[in-house]
Structure formats: C-alpha cells, structure tokens
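Enquirer: One structure, pasted below without further comment.
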Number of protein chains: 2
Amino acid sequence: MKHSDFLNSSFSEENPFMRTEDIVSWFHSRMEAHRFLIEEIPFADLKEWGFCKETGNLCHKSGRFFSIEGVKVRTNFGSTVEWTQPIINQPEIGFLGIITKKVNGVLLFLMQLKMEPGNINMVQLAPTLQATRSNYTRVHQGKSPPYLDAFLNKSNSRILVDVLQSEQGARFLRKRNRNMIIITDDDVPVYDDYCWLTLGQIHRILRKDNIVNMDARTVLSCIPFVQESGSVSAPAPPPATESGAAGARFNRKLLASTLDTQCHRHSTDEIISWFTEHKMKYELEVARIPLHSVKKWTKSDRDIRHDDGKYFSVIACRVEADNREVTSWTQPLVKAYERGIIAMLLKEINGVFHFLIQAKVEPGNFDVLEMAPTVQCITGSYRDVPEEERPPYLNYVLNAPKECVRYSTLQSEEGGRFFREENHNIIVEVGDEFSEDVLENYIWMTMSQLKDFIRYNNFVNVQCRCLLSCLGFI
Amino acid sequence: MKHSDFLNSSFSEENPFMRTEDIVSWFHSRMEAHRFLIEEIPFADLKEWGFCKETGNLCHKSGRFFSIEGVKVRTNFGSTVEWTQPIINQPEIGFLGIITKKVNGVLLFLMQLKMEPGNINMVQLAPTLQATRSNYTRVHQGKSPPYLDAFLNKSNSRILVDVLQSEQGARFLRKRNRNMIIITDDDVPVYDDYCWLTLGQIHRILRKDNIVNMDARTVLSCIPFVQESGSVSAPAPPPATESGAAGARFNRKLLASTLDTQCHRHSTDEIISWFTEHKMKYELEVARIPLHSVKKWTKSDRDIRHDDGKYFSVIACRVEADNREVTSWTQPLVKAYERGIIAMLLKEINGVFHFLIQAKVEPGNFDVLEMAPTVQCITGSYRDVPEEERPPYLNYVLNAPKECVRYSTLQSEEGGRFFREENHNIIVEVGDEFSEDVLENYIWMTMSQLKDFIRYNNFVNVQCRCLLSCLGFI
C-alpha cells in the first residue's frame with residue numbers, strides 16, 4: 001500500500017465486482033429486498049425515551065445514545081451576541097470505518113447500503129461500519145454490527161486513517177466520531193447490502209443527489225493522497241475525461257492542488273497564525289442549560305419548534321427495518337426547517353486550485369473555531385434580505401455562470417439524527433476578476449493543506465470535509 | 001530568515017551584546033536595581049479580590065484575570081475514578097511573545113528579566129512580552145506592556161511561530177496562551193531588564209536551576225527547526241563539545257532526531273492512530289462546581305488546603321515591585337505542597353533519539369488527553385509506596401546511573417499563579433536493555449515528530465514542551 005494507491009483508485013472505475021452503471025440498480029434491488037417504515041409520532045408514543053422531569057431534556061432511559069438538551073451561547077462572532085437553543089448531546093465517540101483491499105492492483109472500498117430513519121430514499125451508501133458505542137457495547141441488546149471485529153482487532157490489517165472528527169457544531173454539542181480506513185489482505189466476506197467500489201466509482205455517484213451518506217463522505221475526506229513528510233511519489237497522470245480540454249485542465253489543477261507542497265498562496269504556518277489570531281479574537285461561551293429553560297422554543301405534543309418557525313424542530317418517529325440489528329424502535333429526530341447552502345469558491349493561484357476557507361464559530365465546536373466552507377447558511381438567511389446583506393460571497397455562488405460551477409448536488413445530513421435534511425453542495429470556480437485579497441476571517445488553501453489540517457483533527461468542520469470529499473476527477 | 005537560522009542560533013553563543021559568562025551577573029545587577037517585596041497575607045487583606053457569596057469562588061471584582069473555582073471530575077484513567085478539586089479558571093488567552101532579530105548572521109532573542117510574585121529568586125528570564133488580555137486592555141489601569149505593539153501590529157515583522165498552547169491541566173481549566181515568535185529588521189529599543197541572547201546562550205542557562213521561566217520555555221519549545229513540507233536545508237554540523245566523543249555523539253543524535261523525517265520508530269499516522277484510540281478509550285467528564293462544594297478541602301483565614309495536606313493550597317499575598325506596570329497589588333497564588341518529577345526517557349532507535357511519550361488525562365485538558373513526559377508526578381506518589389507501585393518507568397529515572405542522565409535541573413512553574421513551585425526536570429538515556437516495546441499508553445517519538453505535534457497545538461502538554469525546550473546541544 002502506497003498513498004498513491006488512493007489516487008489511483010480515485011482515477012479508476014475498473015472493478016470486477018460491480019460496474020459503475022449497475023450501482024443504482026443494485027440500490028433499487030436491495031431496497032426492494034427489505035421492508036422499511038418510518039412515521040412521525042407524538043412524543044407520548046416514544047418507547048424508552050422521555051422528558052426528564054427536572055430538566056425537560058429528552059433522554060433515553062438507559063442514559064445512553066444521545067439526548068436533546070439546551071445551551072446558552074454568548075459570542076462576539078456574527079450579529080447575534082447571545083441566544084439559547086436545543087442541541088443534541090452525544091458524548092460517546094462512535095466508529096465510522098471503511099475496510100479497503102487491493103484487487104488487481106486497484107484499491108477497493110467496502111461500502112454498505114444502510115437504512116437510517118431520516119434518510120431521503122431510506123437507504124444510502126455508508127461506510128463498512130457505522131456504530132455508536134451503545135451499538136457495539138450492545139446497550140439495545142441487538143446483534144453486534146457486521147465487520148466490527150476488523151476495527152477492534154486490527155492484527156490482520158493495517159490502519160490508513162484513524163482520526164477523531166467533529167460533526168455539525170450548530171446541532172451537536174462537541175460530538176465526534178472516530179473516522180477509520182483500514183486495509184486488509186485477508187478474504188473479507190461480503191454480506192448482502194455490502195459491495196466493493198473504487199474511489200472513482202464513489203466519486204461518480206457523489207455527483208448524484210442524496211446517495212452517499214454523510215458518514216461515508218466524512219471518512220473519505222480523511223484520505224491522505226501524499227506520503228508522509230511531503231515526499232510525493234510520482235503520481236499517475238490524471239484520467240482522460242469526457243469533457244475534453246476543460247475537463248483535462250480541471251483534473252490537472254485538482255491533482256496539483258492535492259499534491260502541492262510548494263505553490264500555496266500561504267504557508268501552513270501562516271494559516272496556523274491566521275487561525276490562532278481568530279481563536280483569540282472570537283469569544284465563545286457555551287453553558288449547558290435544561291431544555292425547558294431554552295427561550296423562544298415551544299414544545300407541543302408532536303414537536304419542539306422555534307417560535308418564528310426558523311432553524312429546526314425536534315420530532316419523534318417510529319421505525320421498522322428488517323435488516324437492522326434491532327428491527328423496530330422509536331427515537332427523536334431533528335428536522336430542518338429548510339434547505340441550506342454549503343458552498344466553496346475555488347480559484348487558480350500559482351497554477352494550483354485554492355479553496356476559500358472561512359474561520360467560523362459554532363456553539364457545539366470543540367475549540368471555538370473550525371475551518372468552514374466559503375458559505376454555510378440556511379436559505380432563510382438570504383432569501384428575504386437585500387443582496388448587500390447576504391452572507392459574504394454568497395452572491396458569487398448564487399449568480400455563478402453555469403460553466404464555472406464545478407460541482408452542484410444535494411447531499412444529505414446524517415439520517416440517524418436528522419430527518420430528511422439535505423443541503424445544496426456547490427463548488428464554483430472564480431476567475432481573475434475575483435481578488436486574492438479576501439475578508440479577514442477567510443483564507444485561501446490548497447487541497448494538500450486542507451488534507452493536513454484534516455489529519456490533525458479539530459480544524460476542518462464536517463460541512464467542509466464532506467464537500468471536499470465530493471470533488472473527484474471528472 | 002530560514003528555519004535553519006534557529007538551528008544555527010542554538011549552536012552559537014556569539015553575541016555582541018552579552019557574553020554568556022556575564023548573564024548571571026547581569027541578573028544580579030538588575031535585581032539590585034529594583035525593590036521587590038512579597039508576603040503572605042490573610043484572605044481578608046486581599047484588595048479587589050473576594051469570595052463570591054453564592055459560590056465561594058475566589059474572584060477579582062472586575063470579573064477579569066482569573067478565579068479559583070471547583071471542578072468535579074470523573075474518569076476511567078488512573079486509579080481514582082471521581083474527585084472534586086479547586087482549579088484556576090482563566091478563560092482569557094494571553095500573549096507570550098519573543099522578538100528575534102538577525103545580528104551578524106546570528107538570530108538573537110530579546111529576553112526580559114521579569115519579576116513575578118511566585119518566582120524563586122524573584123526575577124526570571126521571560127519572553128519579550130508576557131501579557132494577559134486584562135494586561136493589555138489595561139483593566140488594572142497600569143501602563144501598557146513594553147513591546148506589545150510589535151505583536152499587535154505586525155506590519156514591520158514576520159511571524160515565525162504563532163500557536164495556542166495549553167498550560168497545566170491539573171491546575172488550570174482549559175487555559176491557553178498564544179505563543180509567538182516574530183522576526184524584525186527594524187531597530188528595536190532595548191529597555192532596562194531586556195537583553196538579546198542567542199538560543200545557544202539560553203540553552204546554556206537552562207542548565208541552571210530556576211532561571212528561565214515557564215513562559216519562555218513554552219515559547220522556545222514551539223521553534224520549528226525544519227522547513228515546511230519536510231525539505232531540510234543542509235544543517236551546519238553540530239557544535240564541537242567540551243565533553244569529547246560522548247558529547248559529540250549526543251549532539252549528532254539530537255540533531256538527527258530534530259531533522260529526521262525517515263528513521264522514526266512509528267509514522268506520524270501511527271502516532272495519530274494511537275492517540276485517537278486512547279482518546280476513545282479514556283473518558284473524562286469535568287463539571288464546574290462552586291468552590292464551596294469541593295469536598296475534602298478546607299478554607300481557613302489564610303489558605304484553602306486538602307484535608308490530607310496533599311497536592312496544593314490556595315494562598316493570598318501582597319506584592320510590591322517598582323518595575324511593574326502596577327507597582328503594588330494583592331492576589332491569590334497556588335502553592336504546591338511538594339516538588340514533583342518531570343522526566344523523559346530517551347533511547348537511540350534507528351540511529352536517532354526517540355522520546356518515550358505518555359498519553360495522559362488531566363482534568364483541565366482541552367481534549368481529554370495530551371502527550372506528556374514519560375513520568376510526571378508529585379513526590380508523594382512514589383516516596384511512600386513500594387517500588388512496584390510507583391508510576392510506570394519512574395524507577396528508571398530514580399535509579400539512572402549518572403553517566404546516562406542527559407539533563408537534570410530544577411525548573412519553575414509560572415510565578416504569576418504558582419508560589420515558588422519547582423519541579424525536577426530530568427532526561428535519562430536508556431540503552432539496549434530497555435525494550436522498545438512499551439506500555440500501551442506510551443509511544444516513542446522523535447524530536448521532529450514532537451515539533452510537528454506542537455505546531456498543530458492541543459497535542460503536547462506544557463510539561464513535555466518545557467522539558468523539550470531545555471534540551472540543547474552540549
């Protein structure tokens with residue numbers, strides 16, 4: 001295994017187990033093989049879940065899984081200096097893991113079709129293993145998740161990626177998961193609903209809406225394409241493309257941005273200094289409070305919602321799924337009020353692509369700031385306001401000419417917690433007319449630099465990581 | 001400026017402004033030029049400080065600076081699973097900054113003789129700037145600290161180091177400071193109590209007890225010796241040494257450990273995986289509680305102390321210093337009950353020195369674990385117990401033959417918060433008889449790898465950083 005094997009797999013759709021054009025029909029056949037049901041229910045019909053008398057928090061009776069609590073936030077970032085809100089508290093670190101294996105010289109990824117109650121289309125493509133600690137310590141008395149042993153007992157495999165990564169800081173209080181990729185030489189049984197895919201095939205289906213789930217995207221974003229200590233093994237040339245010269249240029253610049261160690265606009269030390277300065281500048285105080293102390297949110301029989309109908313609501317649902325460890329259960333979910341935009345501007349600087357990254361404060365962040373996409377906002381924050389009051393750089397995204405849009409799909413948030421939440425994921429290339437000088441809490445970074453920050457965790461937020469994972473060779 | 005300028009400065013004691021042998025007498029002359037006084041006082045004599053009625057917390061009336069509060073800790077790390085203790089809460093991020101300048105081809109560091117109330121010897125060698133936010137926003141109405149502008153307005157200088165670093169996790173609740181080194185081409189006025197020194201000179205005086213303060217040591221530990229992206233500029237040969245062949249070997253191996261990108265025992269990704277695994281394994285819950293809810297600690301007129309006389313006490317003192325921004329004040333200090341040991345084992349592996357690093361949980365850590373020295377403990381945890389119950393690897397330190405001790409001095413903790421606290425800092429080289437296989441929460445790392453983790457912050461704890469900063473070429 002060399003790091004360049006990742007790159008080669010991302011160039012390749014050669015796979016003896018599954019042709020790219022068959023992936024979607026495999027999806028459909030597996031969905032037909034199962035019976036899934038999800039319905040919204042009143043909170044009173046939740047089993048094993050209830051509101052704590054003392055705090056009003058919505059908790060599982062075991063005290064495990066997750067709970068809906070309140071936070072009081074004070075910050076000098078943005079225009080709102082103080083607010084309270086419900087938040088998901090899930091202190092347990094879970095596993096998100098992918099098993100890989102080299103077959104005929106190409107690295108293949110074992111992916112799972114996984115049903116989650118909040119999923120659009122019910123099933124989405126997930127990592128080999130997706131397990132909370134409560135799952136694998138079997139709090140809910142179900143079966144042990146398949147392939148768990150490969151990650152717990154790594155003697156027959158080598159670790160390629162193993163890092164804690166944050167999740168949505170606006171919704172989760174400091175939630176993190178352990179993102180892992182391992183490689184094995186062993187024979188791996190392939191169960192129903194699992195399938196080997198190349199990275200190139202995964203990138204191909206990442207160009208469709210709501211197929212690859214968030215957990216898969218965050219794990220894929222952690223792939224390092226270069227060797228340690230900056231020594232880059234001679235890469236294969238980027239793949240030929242159906243879109244001609246423009247596609248070839250895109251692939252060449254993307255490869256350069258991925259392997260670059262020289263042409264960056266800012267050195268990594270400069271970026272660390274910029275980040276340090278903003279961590280010092282922005283204050284964030286987050287106090288946990290009882291859910292019933294959260295102001296401007298009202299609980300009814302069926303939901304907890306913001307009084308102005310903004311942001312999200314907390315609902316309850318009943319789920320049946322014949323292929324899960326537990327085949328029926330009830331649980332709370334978070335339901336977004338509206339779709340959002342997650343967008344990044346891309347610009348060729350010094351011959352390589354640079355991404356415009358934002359230093360963003362969110363209440364659930366582990367450490368005040370994380371590196372976020374250029375734009376990360378809900379529709380309500382721009383639909384009803386004049387152009388000049390929109391979030392920075394959003395107009396470049398909304399008004400981008402079609403030929404500058406390098407990526408544009410709807411992608412889902414995690415269906416185990418979020419009810420059919422999708423966000424518009426967009427990457428737009430800007431040209432010479434867009435200045436290299438940007439607002440002070442924004443900075444240009446290459447893919448290679450972003451990959452380094454992802455490696456050391458607590459730097460790049462989940463929206464940014466997932467968007468980066470979507471950007472493959474075309 | 002090249003990164004190798006740091007290395008050359010650490011080889012050099014050539015300095016037109018100060019000969020190495022004159023540093024100590026300069027110290028004495030500056031001490032005689034000032035009048036300092038410190039005395040312990042009853043809490044009732046504290047001015048501007050008091051115990052909050054509701055919580056019992058010891059706070060400044062402005063709400064700024066720091067406060068003494070309580071925490072309740074639960075963890076599965078170590079033998080005590082739950083306890084309460086007083087802790088220092090200092091949410092403000094302060095500056096610790098050093099100005100450097102190249103003179104006759106050698107990089108010089110502008111160091112300050114700074115008085116702090118808790119200092120052994122009253123004054124110690126400090127960074128150019130050492131300022132809390134309350135200092136430089138002038139909450140206490142004093143003069144603005146000298147050289148502050150150079151760090152706030154960096155237009156005439158370049159940043160070499162700019163990173164947030166943690167402080168003592170057993171004493172501070174998530175405290176951090178911004179560690180900076182800048183280089184300037186400008187003329188820099190050198191005020192009384194300030195002096196230019198080479199890094200080699202600083203390392204020379206780091207071999208004496210309690211002269212270089214903790215703030216200087218942590219900033220120095222952040223120095224990167226290699227270029228970004230692993231390209232190492234041809235280093236000068238390590239300096240000739242007075243101690244002959246043994247010294248030459250030591251210098252050669254230390255240089256190799258500092259520049260190494262190939263000979264490490266574990267790749268950086270393996271170390272990150274090891275760290276991730278232990279972050280998942282160890283749980284740490286820290287809840288802030290009122291100081292008067294802390295159990296087994298008792299408050300008298302003059303101190304707050306543990307009922308068994310262990311750990312530390314909180315005291316109050318009155319200070320006079322004619323060279324500080326404010327010339328007299330009262331404040332609380334934390335007084336350690338006894339001296340501790342901070343020790344690292346060093347072993348030649350693959351031709352370069354490797355340090356034995358521990359993954360250690362402390363209640364004030366930002367993120368559960370930090371990388372700590374091989375041994376970090378107070379005397380009480382080994383003096384009265386049988387050898388086999390001592391902390392891991394401590395016996396190798398206590399029983400080390402003299403010729404294997406590479407470093408051994410007493411070094412002070414921060415005199416602005418700690419009253420005359422010193423710890424024995426020791427580095428011991430072990431030989432072939434010491435196995436490369438170590439306990440599971442320990443791992444071997446080169447200096448170069450440790451420097452990378454220091455760069456991305458939240459990895460290496462202050463004890464480990466400060467001990468590393470002491471290790472110069474001999």
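The values are calculated or read from the model by the stated rules, or taken from the named source; none is laboratory data. In this text, all values refer to a predicted model and were calculated from it rather than measured experimentally. Quick reminder, even Gly has a Cβ in these numbers, built from the backbone with ideal geometry, and neighbours come from all protein chains shown. Ligands, DNA and RNA are stripped out before the accessible areas are found, and what is left, the full protein with its side chains, is counted by its heavy atoms. Shrake-Rupley method; radii C 1.70, N 1.55, O 1.52, S 1.80 Å.
Enquirer: How big is the charge dipole of region A:100-222 about its Cα centre, in debye rounded to the nearest 20, if each Lys and Arg gets +1 on its Cβ and each Asp and Glu gets -1 on its Cβ? Intermediate values should be presented prior to the final figure.
Expert: Working: 17 positive and 11 negative charges, 94 e Å.
Rounded to the nearest 20 debye, it is 460 debye.
Enquirer: Further question on the same structure: Which order do the peptides B:396-402, B:313-319 come out in when sorted by mean C-beta neighbours inside 10 angstrom, highest first?
Expert: Working: B:396-402: 13.9, B:313-319: 20.4.
Taking the mean over residues of other Cβ atoms within 10 Å, the ranking is B:313-319, B:396-402.
Enquirer: Using a 1.4 Å probe over the heavy atoms of the protein chains, calculate the carbon and sulfur portion of the accessible area of chain A as a whole percent. Could you put the intermediate results ahead of the total?
Expert: On the way: 8940 of 18580 Å².
Using a 1.4 Å probe with all protein chains present, chain A comes out at 48 percent carbon and sulfur.
Enquirer: When we measure straight from the Cα of B:Lys53, which lysines land under 18 angstrom away, once same-chain ones fewer than 8 places off are left out?
Expert: Within the straight-line limit of under 18 Å, B:Lys53 reaches these lysines: B:Lys61, B:Lys295, B:Lys299.
Enquirer: If I stretch the segment between B:Glu436 and B:Val385 completely, what's the gain in nm (0.36 nm per residue apart, minus their alpha carbon distance), one decimal? Before the final figure, lay out each step's value.
Expert: Working: separation 51, 0.36 × 51 = 18.36 nm, distance 2.69 nm.
Once the chain is fully extended between B:Glu436 and B:Val385, it gains 15.7 nm.
Enquirer: Which distance in nm do the two modelled labels at A:Thr80 and B:Glu82 give, with both placed 7 Å along the Cα-to-Cβ direction?
Expert: Once both label points are built, they end up 3.6 nm from each other.
Enquirer: Suppose R0 equals 30 Å. What FRET efficiency, 1/(1 + (r/R0)^6) with r the Cβ-Cβ distance, do A:Asp45 and A:Ser144 give to the nearest 0.05? If you can, show how the numbers build up before the last one.
Expert: On the way: r = 29 Å, r/R0 = 0.96.
With a Förster radius of 30 Å, E is 0.55.
Enquirer: At A:Ala240, with labels set 7 Å past Cα in the Cβ direction, how many nm apart are the copies from this one, shortest first?
Expert: 6.6
Enquirer: Can I ask one more? Would you tell me the mean number of C-beta atoms belonging to other protein chains that fall within 10 Å of each C-beta in B:279-285, as a whole number?
Expert: Working: counts 6, 10, 1, 0, 3, 0, 1.
Shielding by partners across B:279-285 averages 3.
Enquirer: Output the peptides B:160-173, B:11-24 sorted from most to least packed, where packing is the average of other Cβ atoms within 10 Å over each peptide's residues.
Expert: Working: B:160-173: 22.6, B:11-24: 15.9.
Per-residue mean Cβ counts within 10 Å order the peptides as B:160-173, B:11-24.
Enquirer: Leaving out ligands and nucleic acids, and using a 1.4 Å probe, what accessible area per residue does the protein assembly as shown come to in Å²? Don't skip to the end; give the middle numbers.
Expert: Details: 37120 Å² over 948 residues.
Counting only protein heavy atoms, the per-residue value for the protein assembly as shown is 39 Å².
Enquirer: Roughly how crowded by other chains is peptide A:366-372, in terms of the mean Cβ count from those chains within 10 Å of each of its Cβ atoms? Intermediate results must be reported in sequence, preceding the final value.
Expert: Details: counts 3, 7, 2, 0, 0, 0, 0.
The shielding value for this peptide is 2.
Enquirer: What are the distances, in nm and sorted shortest first, from the label point of B:Thr298 to the label points of the same position in each other copy, with each label point placed 7 Å from Cα along the Cα-to-Cβ direction?
Expert: 5.6
Enquirer: Which peptide among B:340-352, A:277-289 comes first, and what is the full order, when sorted by highest mean count of other Cβ atoms within 10 Å? Intermediate results must be reported in sequence, preceding the final value.
Expert: Working: B:340-352: 20.8, A:277-289: 16.9.
In decreasing order of mean packing, B:340-352, A:277-289 become B:340-352, A:277-289.
Enquirer: Right, another one. Give the shape of region A:118-231 as rounded, prolate or oblate, defined through the alpha-carbon gyration tensor: a ≥ b ≥ c are the square roots of its eigenvalues, a/c under 1.5 means rounded, and otherwise the shape is prolate if a/b is larger than b/c and oblate if not.
Expert: Because its axes are fairly even, with a/c under 1.5, region A:118-231 counts as rounded.
Enquirer: Okay, moving on. Based on Cα coordinates alone, diagonalise the gyration tensor for the protein assembly as shown, multiply each eigenvalue by 5, take square roots, and list the semi-axes in whole Å, largest first.
Expert: Values: eigenvalues 438, 222, 159 Å².
Listed largest to smallest, the semi-axes of the protein assembly as shown are 47, 33, 28 Å.
Enquirer: Please label the shape of region B:329-474 as rounded, prolate or oblate, based on the square roots a ≥ b ≥ c of the eigenvalues of the alpha-carbon gyration tensor (a/c under 1.5 means rounded; beyond that, a/b larger than b/c means prolate, else oblate). Write down the numbers at each step before the final one.
Expert: Details: a/c = 1.60, a/b = 1.31, b/c = 1.22.
Prolate.
Enquirer: Nearest 100 Å² is fine: how much accessible area is buried between B and A, summed over both sides, with a 1.4 Å probe?
Expert: Working: alone 20240 and 20260 Å², together 37120 Å².
In total, this chain pair buries about 3400 Å².
Enquirer: Please list, by residue number, everything in region B:99-139 whose backbone N is under 19 Å from a paramagnetic label point 7 Å out along Cα→Cβ of B:Glu320.
Expert: In region B:99-139, the label zone of B:Glu320 (backbone N under 19 Å from the point 7 Å along Cα→Cβ) covers B:115-119, B:121-123.
Enquirer: Follow-up question, since we're still on this one. Compute the separation of the alpha-carbon centres of region A:175-205 and region A:330-351 and state it in Å as a whole number.
Expert: Between the Cα centre of region A:175-205 and that of region A:330-351, the gap is 24 Å.
Enquirer: Check cross-link reach from B:Lys279 to the lysines: straight Cα distance under 16 Å, and skip same-chain residues fewer than eight apart.
Expert: A:Lys175, B:Lys360
Enquirer: Next question, about the same structure. Within 10 Å of each Cβ of B:74-87, how many other protein chain Cβ atoms are there on average?
Expert: Values: counts 0, 0, 0, 0, 0, 0, 0, 0, 0, 0, 0, 0, 0, 0.
What the average comes to for B:74-87 is 0.
Enquirer: Using a 1.4 Å probe on the heavy atoms of the protein chains only, list every residue of region A:243-262 that has 20 Å² or more less accessible area in the complete assembly than in its chain alone.
Expert: Hits at the 20 Å² cut-off: A:Thr261.
Enquirer: A drop of at least 20 square angstrom in accessible area, chain alone versus all protein chains together, probe 1.4 Å. Which residues of region A:140-174 meet that?
Expert: A:Lys154, A:Asp162, A:Leu164, A:Arg174
Enquirer: Quick one: label points 7 angstrom along Cα→Cβ at A:Thr184, distances to the other copies in nm, smallest first?
Expert: 6.0
Enquirer: Sticking with this one: Shape of chain B from its Cα gyration tensor (a ≥ b ≥ c, root eigenvalues): rounded if a/c is under 1.5, otherwise prolate when a/b > b/c, or oblate? Intermediate values should be presented prior to the final figure.
Expert: Values: a/c = 1.67, a/b = 1.13, b/c = 1.48.
It is oblate, given that a/c is not under 1.5 and a/b is not larger than b/c.
Enquirer: Relative contact order (percent) for chain B, with alpha-carbon contacts under 8 angstrom and 6 or more residues of separation? Can you show the working numbers first?
Expert: Values: 1016 pairs, mean separation 105.7, N = 474.
The value is 22 percent.
Enquirer: Which residues among region A:396-439 fall inside the zone where the amide N is under 18 Å from a point 7 Å beyond the Cα of A:Val24, along Cα→Cβ?
Expert: Within reach of a label on A:Val24: A:408-412.
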